[in-house]
Amino acid sequence: MKIEKTPIDGLLIITPTVFGDERGHFFESFRKDSLNTYGVTEDFVQDNQSLSGKGILRGLHFQKNPHAQGKLVRVLQGAVLDVAVDIRPNSLTYGQHFSLVLSDINKTMFYIPPGFAHGFLTLEDNTIFAYKCTNYYHKESEGCVLWNSPLLEINWGIDSPILSEKDKIATDFADFKSPF
């Protein structure tokens, strides 16, 4: 398992070592001790999974303290453009984002700590997205930043994704007051 830091403190790219042969493949998709080496010491308490068609955008979501969540995300089938936005006001990278493609082909995983808004755009039909969370979902603590806020300058590669009603009315980053 290879773990790489990104230009934004706390975000980690995890690339598993895949062992394959004519039967298929095997890899470790989670190792607590490896993540601990990079400062991820929270316990993961909840697993979530979604199925989406191509062009679905989910995000940019977060949970406020004391229910903030770290997430370890990956794609089981299909592909996504995955995006994390730093919403920690005391961070040197506040308002900056990092994105990468996660797919069933590259098997890359992405760790997003508490204090980030997170979202993804599905690039293929029947995409299955899975993630581990360091805290339980708490409806009253959820927040959402508008996916296409001009200040964020995220290149999603799409002008009109399919959005939930919640995501359509999210707060523009220009008006956003971080709870962190």
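Laboratory data are not the source of any read-out in this text; all were calculated from the coordinates shown. Values in this document were obtained by computation on a predicted structure and should not be read as measured data. Ideal geometry is used to build each Cβ from the backbone, glycine not excepted, and the neighbour counts take in all protein chains shown.
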Item to complete: Name every residue in segment 113-144 that is within 16 Å of D167 (Cβ to Cβ) and in contact with a strand residue (DSSP E or B) (Cβ under 8 Å, 6 or more places away or on another chain), in order of residue number.
Response: A117, H118, G119, F120, L121, T122, F129, E142, G143, C144
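Would you be able to tell me the number of residues in segment 8-43 that are farther than 14 Å from F110 by Cβ and of a type outside the set (S, T, Y)? Walk me through how you get there before you give the answer.
Our first condition is that a residue be farther than 14 Å from F110 by Cβ; within segment 8-43, this holds for 9, 17-28, 31-34, 36-37, 39, 41-43.
Checking the rest, the ones that are also of a type outside the set (S, T, Y) come to 9, 18-28, 31-33, 36, 39, 42-43.
The number of residues fulfilling the criteria is 19.
Considering only segment 133-152, I want to know if a residue exists there that is more than 11 Å from the chain's Cα centre (by Cα), basic (K, R) and closer than 29 Å to T41 by Cα. Step through it out loud before you land on a result.
From segment 133-152, those more than 11 Å from the chain's Cα centre (by Cα) are 134-152; that's our starting set.
Of the ones still in play, those that are also basic (K, R) are 139.
Filter again for closer than 29 Å to T41 by Cα, leaving 139.
Scanning segment 133-152, I find at least one residue that is more than 11 Å from the chain's Cα centre (by Cα), basic (K, R) and closer than 29 Å to T41 by Cα, so the answer is yes.
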Practice prompt. Tell me which residues, restricted to segment 163-172, are under 18 Å from the mean Cα position of the chain (by Cα) and not polar (S, T, N, Q).
Written response: L163, K166, D167, A170
Fill in: Odd one out for K132 among (1) among the basic types (K, R); (2) surrounded by fewer than 18 Cβ atoms within 10 Å (Cβ to Cβ); (3) under 30 Å from P16 (Cα atoms)
(2)
Worksheet item: Out of segment 82-96, which residues are at negative phi, in contact with an Asp or Glu (Cβ under 7 Å, 6 or more places away or on another chain) and of a type outside the set (S, T, Y)?
Response: Q96
Practice prompt. Run D167 past the list (1) within 23 Å of K54 (Cβ to Cβ); (2) assigned to a loop (DSSP other than H, G, I, E, B); (3) touching a residue at least 60 places away in the same chain (Cβ under 8 Å) and report the number of the one that doesn't hold.
Written response: (2)
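Just a yes or no: is a residue in segment 64-76 closer than 24 Å to Y137 by Cβ, out of contact with any strand residue (DSSP E or B) (no Cβ under 8 Å at 6 or more places or on another chain), surrounded by 14 or more Cβ atoms within 10 Å (Cβ to Cβ) and in contact (Cβ under 8 Å) with a residue 12 or more places away in the chain?
Narrowing segment 64-76 to residues closer than 24 Å to Y137 by Cβ: 64-76.
From the residues that got through so far, the ones that are out of contact with any strand residue (DSSP E or B) (no Cβ under 8 Å at 6 or more places or on another chain) too are 65-67.
Checking which are surrounded by 14 or more Cβ atoms within 10 Å (Cβ to Cβ) leaves us with 67.
With in contact (Cβ under 8 Å) with a residue 12 or more places away in the chain added as a condition, the list becomes 67.
Yes, segment 64-76 contains at least one residue that is closer than 24 Å to Y137 by Cβ, out of contact with any strand residue (DSSP E or B) (no Cβ under 8 Å at 6 or more places or on another chain), surrounded by 14 or more Cβ atoms within 10 Å (Cβ to Cβ) and in contact (Cβ under 8 Å) with a residue 12 or more places away in the chain.
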